[in-house]
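Heads up, the thing below is written out as structure tokens.
The values are calculated or read from the model by the stated rules, or taken from the named source; none is laboratory data. Keep in mind it's a predicted model, so treat the numbers as computed, not measured. As a convention, Cβ positions derive from the backbone with ideal geometry for all residues, glycine included, and neighbour counts pool all protein chains shown.
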Amino acid sequence: MGKLFYIMGKSASGKDHIYAALLENRLLPLKRLVLYTTRPMREGEENGREYFFTDEKGLDAFRKEGKVIESRVYQTIHGPWTYFTADDGQMDLDTYDYLGIGTLESFVRLKEYYGEDRICPIYIEVEDGERLQRALKRERKEEHPKYEEMCRRFLADQKDFSEENILASGIWRRFSNVDLKECIDEIILYIRSLR
């Protein structure tokens, strides 16, 4: 029986770096769960790798077919952006283990959909000042930095990832990303212990 290992954490906590390192690790033959979004692609992103990039029409088509497992809409300064998980046939949990990234809200919905025994949380923590520095550094690399959106996400994460919400979601283990290599090594041991 396969499992879905699901990475969560506030923005700029290192989720993408951890995700990439875990997918590359030969000890963990994990397949990627790719979510969908209506937001524009960032520099360096590739359709089907970080997300499947779509529009409202594409989202509506999935909804009409009853294939949206969970969705979240964020009111950004650039308009509403939707992120969602679709039952699009990309996962075969009877055969393989998967790795995904999302929010506490999406984690809870996926647990409801696939069953608590099939989804394993990987919650990443970073001190807020360090996260803010990382977010600013990342945004400065963009051709057209969106600082207001960066700040909105930072503040929204404080509420979305409150201690109360973390506990209510059933998160029982946390991984501190002070040293990226140590954090990844700890997560690898955790995943191997659950397979």
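Filtered by the rule that a residue be surrounded by fewer than 12 Cβ atoms within 10 Å (Cβ to Cβ) and more than 22 Å from E139 (Cα to Cα), the stretch 24-47 gives E24, R26, L27, P29. Picking from residues in the stretch 122-131 that are assigned to a helix (DSSP H, G or I) and within 19 Å of the chain's Cα centre (by Cα), the one that is farthest from N177 (Cα to Cα) is D128. Considering the stretch 132-180, the residues that are without any contact (Cβ under 8 Å) to a residue 12 or more places away in the chain, assigned to a loop (DSSP other than H, G, I, E, B) and exposed (fewer than 13 other Cβ atoms within 10 Å of the Cβ) include one that is farthest from the chain's Cα centre (by Cα), namely H144. Per the conditions (1) within 17 Å of the chain's Cα centre (by Cα); (2) in a loop (DSSP other than H, G, I, E, B); (3) under 20 Å from L194 (Cα atoms); (4) of a type outside the set (D, E, K, R), the sole criterion not satisfied by P40 is (3). For the stretch 94-110, the condition holds for at least one residue, the condition being that it is closer than 30 Å to E182 by Cβ and over 17 Å from the mean Cα position of the chain (by Cα). Here is the figure for the stretch 25-40: residues that are hydroxyl-bearing (S, T, Y) and in contact with a helix residue (DSSP H, G or I) (Cβ under 9 Å, 6 or more places away or on another chain) total 2.
Looking only at the stretch 111-132, decide whether some residue is closer than 24 Å to R152 by Cβ and either polar (S, T, N, Q) or not assigned by TED's automatic domain parsing to the domain that holds D160 (or both).
If we filter the stretch 111-132 for residues that are closer than 24 Å to R152 by Cβ, which is where we start, we get 123-132.
With the extra rule that they be either polar (S, T, N, Q) or not assigned by TED's automatic domain parsing to the domain that holds D160 (or both), the set shrinks to none.
Scanning the stretch 111-132, I find no residue that is closer than 24 Å to R152 by Cβ and either polar (S, T, N, Q) or not assigned by TED's automatic domain parsing to the domain that holds D160 (or both), so the answer is no.
Run down Y51, Y6 and say which single residue is buried (at least 18 other Cβ atoms within 10 Å of the Cβ), in contact with a Phe, Trp or Tyr (Cβ under 7 Å, 6 or more places away or on another chain), not aliphatic (A, V, I, L, M) and not assigned by TED's automatic domain parsing to the domain that holds E163. None of the other options fit; the residue is Y51. Reported count of residues in the stretch 14-37, each being part of a strand (DSSP E or B) and not charged (D, E, K, R), is 4.
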